[in-house]
1. Kindly identify segment 1-126 as rounded, prolate or oblate by the Cα gyration tensor criterion: order the square roots of the eigenvalues as a ≥ b ≥ c, call it rounded if a/c is under 1.5, otherwise compare a/b with b/c, prolate if a/b is larger, else oblate.
2. Count neighbours as other Cβ atoms within 10 Å of each site's Cβ, and list the GluC sites (Glu not before Pro) in segment 1-99 that are DSSP loop with at most 15 such neighbours.
3. Projected onto the charge dipole of the chain (+1 at Lys/Arg Cβ, -1 at Asp/Glu Cβ, origin at the Cα centre), which of V109, G143, I21 gives the Cα projection farthest towards the positive end?
4. Run through segment 49-121 and list the chymotrypsin sites (Phe, Trp or Tyr not before Pro) located in a DSSP loop whose Cβ has at most 14 other Cβ atoms within 10 Å.
5. Show V24, V149, V93 ordered by accessible area, largest first, where the area counts protein heavy atoms only and the probe is 1.4 Å.
6. Can you give the accessible area per residue of segment 2-173, in Å², using a 1.4 Å probe?
7. At 1.4 Å probe size, with the rest of the protein present, what percent of the exposed accessible area of the chain is carbon and sulfur atoms?
8. Quick one: grab the alpha carbon gyration tensor of segment 10-52, order the square roots of its eigenvalues as a ≥ b ≥ c, and give me rounded if a/c is under 1.5, else prolate or oblate depending on whether a/b is larger than b/c.
Amino acid sequence: MLRDKIINAINEVGFDEYQEISSVDINFADAVFASCKTNTCGNYGQNYSCPPLSGDMDANKQRFLKYDHAIILNKIMFLGEYYEKMETSTMEVLALLDQLRDKLEADPVMIAGPGGCNLCPECAAKTVENCRFPEKKRYSLEGSGIDIVAMSRKLGMTYNAGDKKVGFFMMVLY
Ligand code: SF4
């Protein structure tokens, strides 16, 4: 059963929390989608998994809602006394997501995470070439207009763990 395989893979890779929901309960918010335009992450218009290249809100909803189920994952990371570990923590989380993607490569799942797709050292969008791996592209939760912070609170998951530790959220859809 696919659900059991995904849960096994989640446990093998090692995340701190997960919650299972129906995809119809994903919280899409226009304000989250719009915030990408002024975000300083540098991915707006520079990554195929982020706005505006990833499509409008309708396209984002369709992309997620074609799956029935979603599993929200959380990995709690220490950001450093002066938040100096922000980048390395993000890279560590994305490495976990890559491990999960490898384990589920042959399965009909979609994995979304924090920030833009990092499959290539530099996204082809930056040089106006076609996406190199459209089937493997990893979409951004926030860039898809998903209010993952509100969802995590509602689900009782840990966003602010105190002592400079925060939750990084990801999602597996199947
Ligand atoms: S697979 Fe490569 S080219 Fe495609 S969105 Fe990801 S980083 Fe960009």
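The values are calculated or read from the model by the stated rules, or taken from the named source; none is laboratory data. Computed from a predicted model, the values in this text were never measured in an experiment. Don't worry about glycine lacking a Cβ; one is built from the backbone with ideal geometry, like all the others, and counts go over all protein chains shown. Ligands, DNA and RNA are excluded from the accessible area calculation, which covers all protein heavy atoms including side chains. Shrake-Rupley method; radii C 1.70, N 1.55, O 1.52, S 1.80 Å.
1. Working: a/c = 1.56, a/b = 1.11, b/c = 1.41.
The shape class here is oblate.
2. On the way: sites: E12, E17, E20, E81, E84, E87, E92; in loops: E81, E84.
When the GluC sites (Glu not before Pro) of segment 1-99 are filtered for loop state and at most 15 Cβ neighbours within 10 Å, E81, E84 remain.
3. G143
4. Sparse-neighbourhood loop chymotrypsin sites (Phe, Trp or Tyr not before Pro): Y82, Y83.
5. Largest to smallest exposure gives the sequence V24, V149, V93.
6. Normalised by residue count, the accessible surface of segment 2-173 is 53 Å².
7. 49 percent
8. On the way: a/c = 2.85, a/b = 1.62, b/c = 1.77.
Oblate shape, in that a/c is at least 1.5 and b/c is the bigger or equal ratio.
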